[in-house]
1. Is there a quick way to get the dipole size of the chain? I mean about its Cα centre, with the Cβ of Lys and Arg at +1 and of Asp and Glu at -1; what is the value in debye to the nearest 20?
2. How big is the charge dipole of segment 25-87 about its Cα centre, in debye rounded to the nearest 20, if each Lys and Arg gets +1 on its Cβ and each Asp and Glu gets -1 on its Cβ?
3. Taking every alpha carbon pair in the chain, what does the distance histogram look like in 10 angstrom bins from 0, in percent?
4. What number does segment 127-328 give for Rg over Rh if you use C-alpha atoms and the Kirkwood radius?
5. Can you tell me the FRET efficiency between ASP155 and ASP344 if r is taken as the Cβ-Cβ distance and R0 is 51 Å, rounded to the nearest 0.05?
6. Leaving out ligands and nucleic acids, and using a 1.4 Å probe, what accessible area per residue does segment 156-196 come to in Å²?
7. Where only protein heavy atoms count, and the probe is 1.4 Å, what is the accessible area per residue for segment 7-123 in Å²?
8. Within 15 Å, Cβ to Cβ, of PHE109, how many net charges do the neighbouring residues add up to if Lys/Arg are +1 and Asp/Glu are -1?
Amino acid sequence: FFPGLTAMEKKLAEYKCNTNEAIQLKLVRFPEDLEDDNTTFNPEYSHQVFGDDEVAFGYKGLKILLYYIAGNLSTLFRIEYTSKVNEKFDCVEADDVESKIREIIPPGFCTNTDDFVSLLEKEVNFKPFGMLLHTYSIHNEEAGEDITYQIYKADMTCPGFREYHERLQTFLMWFIETASFIDVDDERWNYFLVFEKYNKDGATLFATVGYMTVYNYYVYPDKTRPRVSQMLILPPFQGEGHGAQLLETVHRYYMSSPTVLDITAEDPSENYVKLRDFVLVKLCQDLLCFSPVKLMQGFSQEMVTEAQQKLKINKQHTRRVYEILRLRATNMGDAEQSRSYRLDVKRRLIGPYKKKQRELAKMRRCLRPEEMTNQLNQIDLNMQREQLEESFQQLVSDYRRVLERLAQA
């Protein structure tokens, strides 16, 4: 099993647990959810808390239970295991799992189930924070009915919101690779929250679905540029379209503000970019500047101006929207149309290559004789062509997915 390991090493290897599997998360609505394995979900990441190996040492059968009441996220935290290494006999110490978790979850959690269940009974008093921006419903196959969701905008002046946000942000550590907690005392933060309405014993209750934080950067002389910082839809709700609802609602909220210049995002993930493409294309497709005739004439300043003024979309994102809508308007089976589209997109993609090319040429002039440079440039050009074609194909397949989703929306 472990060739070449001493008996001691073999024994110790049995006391290693993968923390992504050990951590069990739940959003609890009913007491029976506590025993139901179907309501449990696990982290995607735990390296920020347990190191790059995502391993806890010193336990067999380790379970780290982090259960949250679905609405206000009151927390139950317990650690269970079947056995633990013993310092007296094994001369090694088990990891202090509890203090690692305590570093990221706020104080005031329950440690036994009875306390947690009695808090669950008070959940009927929990109401969403802030101002209602948008209500929508999604048909749920399992329940065989439409479920209603609401999006609210909150800030730290809402009573109880600060404590609630401390509990909510702990999920970032498990689901966003490079997550960090924000400085909530900075008043430039806006918080947008998604809740599901559900019934329990004839009363209407609210469950937390996800949220987004946006920072309002100041732009001289009198404008702001909101920048999306974090966005998380909790795993039980992923893949249902809540991210798109949230992002579109946030865009619409800022669109109505005359002081907002445009909306950006900080270090966006691939999934976020796909989501944003879909939402922005959906918002832009009815603008006059994106009519099929104008799309075929190429990217224009008119598109940049109209998208920014009406929808608060910046130039870079407008360019992507243009490429996606132009793909929809292009008959890729027509050699002329397809060639024209390919050249148009590649011209944008080649920008960074050309810059690199110029820098390399400068360096080489200083370093090598002339003929060498030409040969190298030739090799470079062939590689560049291949990479360019690859980038283009990847982009088109991403764009097609956006258009498919749009057709279903």
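The values are calculated or read from the model by the stated rules, or taken from the named source; none is laboratory data. Nothing here was measured: the structure is a model prediction, and the numbers come from that model. Cβ placement follows ideal geometry from the backbone for every residue including glycine, while neighbour counts extend to all protein chains displayed. Only protein heavy atoms, including side chains, enter the accessible area calculation; ligands, DNA and RNA are left aside. Shrake-Rupley method; radii C 1.70, N 1.55, O 1.52, S 1.80 Å.
1. 2360
2. On the way: 6 positive and 11 negative charges, 43 e Å.
I would put it at about 200 debye.
3. 4, 17, 23, 21, 17, 12, 5, 1, 0
4. 0.99
5. Efficiency, from the Cβ-Cβ distance: 0.75.
6. Numbers: 1770 Å² over 41 residues.
Value returned for segment 156-196: 43 Å² of accessible area per residue.
7. 53
8. On the way: positive: LYS26, ARG78, LYS100, ARG102, ARG167; negative: GLU98, GLU103, ASP114, ASP115, GLU163, GLU166.
Neighbourhood net charge equals -1.
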